[in-house]
Every structure is written in structure tokens, then in C-alpha cells.
Amino acid sequence: MRVISGKYKGRNMVMPAGIRPTQNRVRKAIFDILGDIADLSFLELFAGSGAVGFEAASRGVTELTLVEDSRDALKAIINNIESFDITYCNLYSFDVERAIQLFYKEKLRFDIIFMDPPYYTGVSKKTLQMLSGYDILAPNGLMVVQHFKKDELPDRSGSLELVKRSKYGDTLLSVYRKKV
């Protein structure tokens, strides 16, 4: 898997075994939807290899935070951080629920939150509900949820309001904006 745009364009990323990485066309769609993300903060939950986060770094975010609890995935992420020499990346080896609670307690806010939980588990909806209760998204921030087409997500969850939903094969991207 390679970075598709920005300052790391064409560079290879290490992929751990047993994950379903976000495909190039879906990653491209995510960043087409987000537009210019330079100088923003970016949080990737269920990071896997960190491919979406590293794509964000390549496109100019100034703060990258990755959350992953799989040992194999963490090794891949660390290799990628070192390979790209990203000094502004914060890696948390926690489960997502614990990380969200920590970020809330520490009053951390992110301009963009991306999550791609395991398919077929219902975790997308549960995490979306949790994020609507824990205020870690910056005012007018965006949250992108990559999920299986049969995992139905609500149009509204707390202060999060659906602004776009796009389909790519079996994958949906649901984009929420925090209303203030």
C-alpha cells in the first residue's frame, strides 16, 4: 500500500497481517470530501496500519493521533512513523473506548476524527454514540466513519449531524459535522 498524495506520495506503508486496509479509492474519496486539511489535528481510531492517518500527515495536518490496540498493528504503525520520520504523531496503544475517555478527561479536541472499526460487529454505531457523549471533536469539526453498507448509522447522534454519505462497493463513508 502506498501514500496516494502529498509530501509522502508514492511511499510504501507497512501493513500488518489480518487487517482490511482502506483501499486507495476510498482513501482518495475521504480526502476529496475533507478538502484542505493543512494545519488541522487528525485522530484515527481503530488505526490498523495508520494508512489514513499517514495520508493525512502527507496532506499537511500538524497533529496526528492514532489509536490501536493490536500488537501486530502497533508494530506496523511504529515502523511507518519511523519510516516517514513523523515527529508530531501521538500513538496510543489503548482500546478505543479508553482512549476516548482519556482524551475527554484531558480536554483534547480534534478537528477531524476518522474511524474504521471492524466490520460486522456493530462497533461503528456504539463508537459514534460514545463520541456524541464525549466532547473530543472541535467546534464545526468533522467525523468520518468508514463502515459496512449494512451497518446502519443514524442521521444524528447528539451534536453530530450527518452531512454526507457515499457508497464504494460494500463500504460506506458517513460524514458528520459537529453542530455548535
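Before we move on, is A51 open to solvent by less than 30 Å² (accessible area, probe 1.4 Å) and over 14 Å from the mean Cα position of the chain (by Cα)? Walk me through how you get there before you give the answer.
Details: open to solvent by less than 30 Å² (accessible area, probe 1.4 Å): yes; over 14 Å from the mean Cα position of the chain (by Cα): no.
Considered against the rule, which asks whether it is open to solvent by less than 30 Å² (accessible area, probe 1.4 Å) and over 14 Å from the mean Cα position of the chain (by Cα), A51 comes out as no.
For region 108-135, enumerate the residues that are open to solvent by 70 Å² or more (accessible area, probe 1.4 Å) and under 19 Å from R177 (Cα atoms).
Hits for region 108-135 are R109, K125, K126, Q129.
Looking only at residues in region 9-45 that are open to solvent by less than 40 Å² (accessible area, probe 1.4 Å), touching a strand residue (DSSP E or B) at 6+ places or on another chain (Cβ under 9 Å) and of a type outside the set (A, V, I, L, M), which one is farthest from R177 (Cα to Cα)?
That would be G10.
For the list (1) open to solvent by less than 30 Å² (accessible area, probe 1.4 Å); (2) small (G, A, S); (3) on the phi > 0 side of the Ramachandran plot, I need the number of the one condition that G141 fails.
In the conditions (1) open to solvent by less than 30 Å² (accessible area, probe 1.4 Å); (2) small (G, A, S); (3) on the phi > 0 side of the Ramachandran plot, G141 misses (3) alone.
Which of the residues that make up region 117-154 are of a type outside the set (G, A, S), assigned to a helix (DSSP H, G or I) and touching a Ser or Thr at 6+ places or on another chain (Cβ under 9 Å)?
K125, L128, Q129, L131
Inside region 37-63, can you point out the residues that are acidic (D, E) and in contact (Cβ under 8 Å) with a residue 24 or more places away in the chain?
E44, E55, E63, listed by residue number.
Hey, I100 hits all of (1) open to solvent by less than 20 Å² (accessible area, probe 1.4 Å); (2) in contact with a strand residue (DSSP E or B) (Cβ under 7 Å, 6 or more places away or on another chain); (3) over 18 Å from L34 (Cα atoms) but one; which does it fall short on?
It is condition (2) that I100 fails.
Between residues in region 147-176 that are on the phi < 0 side of the Ramachandran plot and residues that are open to solvent by 50 Å² or more (accessible area, probe 1.4 Å) and of a type in the set (V, I, T), which pairs lie under 7 Å by C-beta distance while being six or more apart or on different chains?
So the pair list comes out as V175/V163; Y176/V163.
Could you please find all residues in region 155-180 being part of a loop (DSSP other than H, G, I, E, B) and surrounded by fewer than 14 Cβ atoms within 10 Å (Cβ to Cβ)?
Once the filter is applied, which keeps residues that are part of a loop (DSSP other than H, G, I, E, B) and surrounded by fewer than 14 Cβ atoms within 10 Å (Cβ to Cβ), region 155-180 yields D155, G169, D170, K179, V180.
For region 64-85, what are the residues that are open to solvent by 10 Å² or more (accessible area, probe 1.4 Å) and either free of Cβ contacts under 8 Å to residues at least 40 places away in the same chain or on the phi > 0 side of the Ramachandran plot (or both)?
E68, D69, R71, L74, I78, I81, E82, D85
The values are calculated or read from the model by the stated rules, or taken from the named source; none is laboratory data. These figures come from a predicted structure and were not determined experimentally. Here Cβ is always computed from backbone atoms with ideal geometry, including for glycine, and neighbour counts include all displayed protein chains. Keep in mind that these areas ignore ligands, DNA and RNA; they rest on the heavy atoms of the full protein, side chains included. Shrake-Rupley method; radii C 1.70, N 1.55, O 1.52, S 1.80 Å.
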